[in-house]
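One structure is given here, and the rest of the page talks about it.
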Amino acid sequence: MKHRKNKFYTGKIILTLLVVFALIFSGYFGYSLFREHQYIATIVIDPGHGGYDVGSIGYDGSYEKDLTLSIALRTGRKLKQLNPDINVVYTRSDDTVDWADNEEDDLIGRVIFANEQNADFFLSIHLNASENTSAYGYNAFIRSNDPVSETIANSMDNNLTNEGWLYNRGLEYTDSSPLYVVDNLDIPSILFEVGFITNPQECEDLQKTSNQELIAECIANAYNDYIVRTIEEK
Ligand SMILES: [Zn+2]
């Protein structure tokens, strides 16, 4: 008799658990273990160059591809900290690249990747280079028909200026300097040249973790402010 009673309770517990799991699965509690997180926006962050392509070579012999990766990953981390509802995806998150080892396929690969991710924003991080080692400063490149990126780039500039990073070379449009990853995407797309690695002082400054963090925070804040503001306006 006692044995039969235990069996009855076990059955009841199993039934209750099944109902609870079914409710969780259907998202009844407003949250489902099995449903993907609902992001408010997706940004693809693209660390320029990588793998076979070192990019420009800095005054101290450092590679552009390493600096772009470091700044891009920091920017993505800052953005996730500011707003976990923003989906951050990278075209590469280490020194390996998923596309063919030539510049044309490389750039096409990055654009295809952004489209596959259904990205809302694309941000490519680069470092500038010049034979003139006194050239310095940052600037953003955007399409002239992309007012969203213009707003975000101006906000990035304001944030950097407020933090004392006073080397703005001004906003540039790809009509005069075509850039594949900016021109071949329909979404807001910015190619941000963070500074000149051929400038001895700027190269040294850009290697510092504290400066990379500061730059990353200024970029991340600009995107988050824009995304949050446009959602509130809806
Ligand atoms: Zn570059």
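Here Gly58 clears all of (1) crowded, with 17+ Cβ neighbours inside 10 Å; (2) out of contact with any Cys (no Cβ under 6 Å at 6 or more places or on another chain) except the condition numbered (2). Considering only residues in region 177-217 that are of a type in the set (Gly, Ala, Ser) and in a helix (DSSP H, G or I), the one that is nearest to Arg77 (Cα to Cα) turns out to be Ala216.
Residue-by-condition table, conditions (1) farther than 19 Å from Ser189 by Cβ; (2) touching a residue at least 40 places away in the same chain (Cβ under 8 Å); (3) touching a helix residue (DSSP H, G or I) at 6+ places or on another chain (Cβ under 7 Å):
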position	(1), (2), (3)
Ala41	no, yes, yes
Gly51	yes, yes, no
Glu64	yes, yes, no
Arg77	yes, yes, no
Leu82	yes, yes, yes
Ile108	no, yes, no
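Would you confirm whether any residue within region 51-58 is at pLDDT below 95 and touching a Ser or Thr at 6+ places or on another chain (Cβ under 8 Å)? Yes, because at least one residue in region 51-58 is at pLDDT below 95 and touching a Ser or Thr at 6+ places or on another chain (Cβ under 8 Å). Within region 91-111, restricting attention to residues that are more than 16 Å from the ligand (Cβ to nearest atom) and either within 16 Å of the chain's Cα centre (by Cα) or of a type in the set (S, T, N, Q) (or both), the residue that is modelled with the lowest pLDDT is Thr96.
When Leu73 is tested against (1) in contact (Cβ under 8 Å) with a residue 60 or more places away in the chain; (2) more than 15 Å from the ligand (Cβ to nearest atom), just one condition goes unmet, and that condition is (1). Residue by residue through region 140-160, note down the ones that are within 15 Å of the ligand (Cβ to nearest atom) and under 16 Å from Ala220 (Cα atoms). If the condition is that a residue be within 15 Å of the ligand (Cβ to nearest atom) and under 16 Å from Ala220 (Cα atoms), then Ala140 is the only one that fits. Among the residues of region 169-203, which ones are more than 14 Å from the ligand (Cβ to nearest atom), in contact with a helix residue (DSSP H, G or I) (Cβ under 8 Å, 6 or more places away or on another chain) and over 13 Å from Ile142 (Cβ atoms)? Asn184, the sole residue that qualifies.
The residue that is surrounded by the fewest Cβ atoms within 10 Å (Cβ to Cβ), among those in region 112-126 that are away from the ligand (no atom under 16 Å from the Cβ), under 13 Å from the mean Cα position of the chain (by Cα) and not aromatic (Phe, Trp, Tyr), is Gln117.
For region 55-69, a residue qualifies if it is among the small types (Gly, Ala, Ser) and within 11 Å of the ligand (Cβ to nearest atom), and the qualifying residues are Gly55, Ser56.
The values are calculated or read from the model by the stated rules, or taken from the named source; none is laboratory data. Source: prediction; values computed, not measured. Cβ sites come from the backbone with ideal geometry, for glycine too, and all protein chains shown count toward neighbours.
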